[in-house]
Every structure is written in structure tokens, then in C-alpha cells.
1. May I ask you to derive the relative contact order of the stretch 40-141, considering only C-alpha pairs under 8 Å and at least 6 residues apart, and to give it as an integer percent?
2. Using only the Cα atoms of the stretch 63-154, what are the Rg and Dmax in Å?
3. With just the Cα atoms defining each centre, how far is the stretch 1-24 from the stretch 69-100? Give it in Å.
4. I'd like the carbon and sulfur percentage of the solvent accessible area for the stretch 78-215, probe radius 1.4 Å, heavy atoms only, ligands and nucleic acids excluded.
5. Just want to confirm a number: the relative contact order over the stretch 74-206, from Cα pairs under 8 angstrom separated by 6+ residues, in percent.
6. Can you pick out the pairs among 12/179; 12/42; 19/109; 148/173 whose Cα atoms lie more than 20 Å from each other?
7. Size of the dipole of the chain about the Cα centre, Lys and Arg at +1 and Asp and Glu at -1 on the beta carbon, nothing else charged, in debye to 20?
8. In nm², what is the average projected area of the convex hull enclosing the Cα atoms of the stretch 1-132?
Amino acid sequence: MITMNEEAAIAKVIDDIKKYVPDAEILIVDSSKDQTPQIAEKLGARVIRQFPPRGYGPAMDLALRSGRGEVVITMDCDDTYPSEDIPRFAQLVLQENWDLVDGSRLRSKPEAMPWLNYIANFGFALLASILFLTRVTDLHSGMRAYRKSMIDRLRYRAQGAALPVELLLRPLKEGYKVKLEYIDYRERKGVSTMRPLESAWWTIKRIWDVRFGSKASIPSVALEKFNE
């Protein structure tokens, strides 16, 4: 997870994860000004501070590449995603040999999602489905399971908004095995920091760049290690 001022939800989310997967490494990349990192550490999470904040993309890039297990499962830290699905997602990667399991919120419109967000998400997913000739339903899901070896090989642009779009479409383009799984989506705790117009622009840009061959850069974490 990546966190920024999530002290209202962090304890519940970590407790839920520990309930369903007690042996999992809980890794957080944190850019908070509140007590989020202190709460997380007290509850046993491994916290990597990224302060001052560098943005969603670099934080998620660092989180994905810092995990120590064979599977990295991402979740938002606002209690919107179902921790009870973590074991099922991990099993799909480890036992059924999928490289990426996409937790789609959009079997239908979730009650917790505003209509404008739902229409935008539906439209972007439809566009991507046409361009990639593969049915996708939720380009912006915060809950996915990634095979760690795939993440280590994958090149993508960490900078900029809407990174989850590229983290789904680039594996599809490169021939990795991607499975769609529908999940429940709940009302968030805390205040959203999403910027709709910026996110929409970057969503279109990432769809276009991945589909039409814009070359991805070396991931920022890999580049930092190379330069050490």
C-alpha cells in the first residue's frame, strides 16, 4: 500500500489483512504528515518513508519493487477493498499460474462510486478493450495481485498519474497471463486526494502510449540501484 494521511483507516486495514493472511508482509510506502506511519509500524507493518512526497507513481513503483514475496498484492489504504480476497488472489498466481490478477470493481456500478467516476471508468475501459482486443473493465483498480518476477522485468513510466492503467495494459501487451476477478468496493474512509482532470488526461495518454508503442523507461527504482 501507499499512504498519505490515512490515520483514520490504517489500523482497520492492517488488522483486516492480518486476520486473513497473518503471515503476509505488510509493506507501506508512506508520505504522510499525520500519524499514519507510526500507527502502521506499531501494528507490525514495514514502512518505507518517501518524504517529501514524490507522487503516486514513484511511491507505487517503490512499493511494488520492494516486496519480498513471490506475489505482491496492492490495495488502497482507505478500507475500500476486500482484504478477505487476498488469499484467493495469491492462490490464483501461485497455484493457477496467472501473472496478474486484476480486481475489478465494475461488475456493475458500485454504490460507493459516484456516477461521474463510474461513467469515466466505464468509458476508458471500453476504449482500452477496443484498442487491445481484450475485455478489460477497470483500469484504475487499486487491488491487484502481481507475480513479483513479472514486476521485476516490467518496464513502465512511474512518473505521472494513472499508473494502474499502464500496470494492467503493458502486461497484456507483452503477453503475460492476466485474469479478471470481480470484487466488492466499499465507501472510503478519509478524504480522497484524486485529481479527476489530471487522472483523465494521464489515463488517455497511458492507453495511447502503451498501445502504439511508446517505449517505456527503466523503472525509477531500478535506475536508482543502477546508479548506486
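1. Values: 51 pairs, mean separation 16.1, N = 102.
Averaging sequence separation for qualifying contacts and normalising by length gives 16 percent for the stretch 40-141.
2. My reading of the Cα-based Rg and Dmax gives 14.1, 38 Å.
3. 14
4. Working: 3890 of 6990 Å².
Carbon plus sulfur share of accessible area: 56 percent.
5. Working: 171 pairs, mean separation 53.1, N = 133.
Computed value for the stretch 74-206: 40 percent relative contact order.
6. Numbers: 12/179 28 Å; 12/42 13 Å; 19/109 28 Å; 148/173 18 Å.
From 12/179; 12/42; 19/109; 148/173, over 20 Å: 12/179; 19/109.
7. Details: 34 positive and 31 negative charges, 146 e Å.
With only Lys, Arg, Asp and Glu charged at Cβ, the dipole is about 700 debye.
8. Values: hull surface 37.2 nm².
Taking the Cα atoms of the stretch 1-132, their convex hull projects to 9.3 nm² on average.
The values are calculated or read from the model by the stated rules, or taken from the named source; none is laboratory data. Nothing here was measured: the structure is a model prediction, and the numbers come from that model. As a convention, Cβ positions derive from the backbone with ideal geometry for all residues, glycine included, and neighbour counts pool all protein chains shown. Accessible surface areas use protein heavy atoms only, side chains included; no ligands, DNA or RNA. Shrake-Rupley method; radii C 1.70, N 1.55, O 1.52, S 1.80 Å.
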